[in-house]
Amino acid sequence: MKLTSLLFSMLAATVVSGVAFAQAPIVIKFSHVVSVDTPKGKAAERFKELAEKATKGRVKVELYPNSTLYKDKEELEALQLGAVQMLAPSLAKFGPLGVKEFEVFDLPFIFPDKDVLYRVTEGQIGKDLMKKLEPKGIVGLGFWDNGFKVMSANKSIHLPGDLKGQKLRIQSSKVLDAQMRALGANPQVLAFSEVYQALQTGVVDGTENPPSNLYTQKMHEVQKHVTLTNHGYLGYAVIVNKKFWDGLPADIRGELDTAMKSATKYANAIAQQENDKALEAIKKSGKSTVYLPSVAERNEWRKALLPVQKTMEDRIGKELIANVNKEAAALGYK
């Protein structure tokens, strides 16, 4: 009788343990380097909500914003090693990884407006770029918008020559390095999490960012001048570890893919809104003077920076740059 009771207890424990194991959620660690109240931060929150709801709790998305898990230079390696499953790095990060074609997004004045941008990211060019990540053990799930960049410094910036000799923070990108040198500035590569302190202490004189990044990281508090050059673009690719992604049950992968598509639409819809709100907040703060270049001044910026497209043809690919410019031409831009 005792033996029967013991066997029954052991069987019950095994069943309970098996059920608990079966019900253990798949954990996706999603790391990023910006604040939760940026377009990327909000889109990550939306993806978490949609993914967990669609999978009925079979997937748990853990978000790690503001470089709390990994910094710029560490996160891609961590993804490839499987220490983190999902990231949304800026597009400039893939050049140092060996996929130089992604640096087309860093080229100054390559995207006249968002319509041209979306023709690229949502069309064949975007699909082909994502495929180039797979040999690196990475699957691309979507492009998230963050907006056009403005220049900031502690001196007034009206014309390109105003940045001559200034130490300007950039991401690790040969294109961005060439861009700053075309302006006569001295580019300084720094992790995003280190920029505020570097500006505060004078390690660098200025930087480039969409307004939402500038405001949420409080960079405007240590920069006296902001100029709306809109000279370049900053966006992200949401990526996942390929081995992890391929190993998911097909139904889970499909539900996550659908959730990502919805989160991507949300991200791209709010990006401009968030940047407009941030710009107004910067103006109201009184910490930075915001300057809008005249048409003549903007033409000077274009004249100074457009040659960077030509100098980067060998690195990025002449045909790729031409194809992006064709998308602009299709919408009437020359």
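Here are some notes:
- Filtered residue count, segment 166-184, keeping only those that are in a strand (DSSP E or B) and under 17 Å from the mean Cα position of the chain (by Cα): 2
- Residue match in segment 144-156 (condition: part of a helix (DSSP H, G or I) and in contact with a strand residue (DSSP E or B) (Cβ under 9 Å, 6 or more places away or on another chain)): no
- Of the residues ALA259, ALA237, the single one that is touching a residue at least 24 places away in the same chain (Cβ under 8 Å), touching a Leu at 6+ places or on another chain (Cβ under 9 Å) and not in a helix (DSSP H, G or I) is ALA237.
- Only residues that are in contact with a helix residue (DSSP H, G or I) (Cβ under 7 Å, 6 or more places away or on another chain), assigned to a helix (DSSP H, G or I) and of a type in the set (A, V, I, L, M, F, W, C) were counted in segment 280-329, giving 11.
- Residue within segment 114-123 that is under 17 Å from the mean Cα position of the chain (by Cα) and free of Cβ contacts under 8 Å to residues at least 24 places away in the same chain present: yes
- Residues of segment 205-229 that are over 24 Å from ASP113 (Cβ atoms) and of a type in the set (Gly, Ala, Ser): GLY206 alone.
- Scope segment 141-187; condition in contact (Cβ under 8 Å) with a residue 40 or more places away in the chain, farther than 24 Å from LYS71 by Cβ and charged (D, E, K, R); matching residues: LYS155
- On inspection, SER285 qualifies as over 25 Å from TRP144 (Cα atoms), touching a residue at least 40 places away in the same chain (Cβ under 8 Å) and of a type outside the set (D, E, K, R).
- Matching helices (runs of 4 or more DSSP H) fully within segment 56-140 where at least 2 residues are at pLDDT 95 or above, surrounded by fewer than 16 Cβ atoms within 10 Å (Cβ to Cβ) and not acidic (Asp, Glu): 124-131
- Evaluated against (1) out of contact with any strand residue (DSSP E or B) (no Cβ under 6 Å at 6 or more places or on another chain); (2) in a strand (DSSP E or B); (3) not basic (Lys, Arg), HIS220 falls short on exactly one condition, (2).
- Enumeration of residues in segment 182-225 that are buried (at least 22 other Cβ atoms within 10 Å of the Cβ), within 29 Å of ALA43 (Cβ to Cβ) and small (Gly, Ala, Ser): GLY206, SER212
Matching residues to (1) touching a His at 6+ places or on another chain (Cβ under 8 Å); (2) at positive phi; (3) aliphatic (A, V, I, L, M):
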{"site": "LYS40", "(1), (2), (3)": "yes, no, no"}
{"site": "GLY57", "(1), (2), (3)": "no, yes, no"}
{"site": "VAL61", "(1), (2), (3)": "no, no, yes"}
{"site": "PRO65", "(1), (2), (3)": "yes, no, no"}
{"site": "LEU76", "(1), (2), (3)": "no, no, yes"}
{"site": "GLN85", "(1), (2), (3)": "no, no, no"}
{"site": "ALA92", "(1), (2), (3)": "no, no, yes"}
{"site": "PHE105", "(1), (2), (3)": "no, no, no"}
{"site": "ASP113", "(1), (2), (3)": "no, no, no"}
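The values are calculated or read from the model by the stated rules, or taken from the named source; none is laboratory data. Only a predicted model underlies this, so the values are computations on that prediction, with no experimental measurement involved. Quick reminder, even Gly has a Cβ in these numbers, built from the backbone with ideal geometry, and neighbours come from all protein chains shown.
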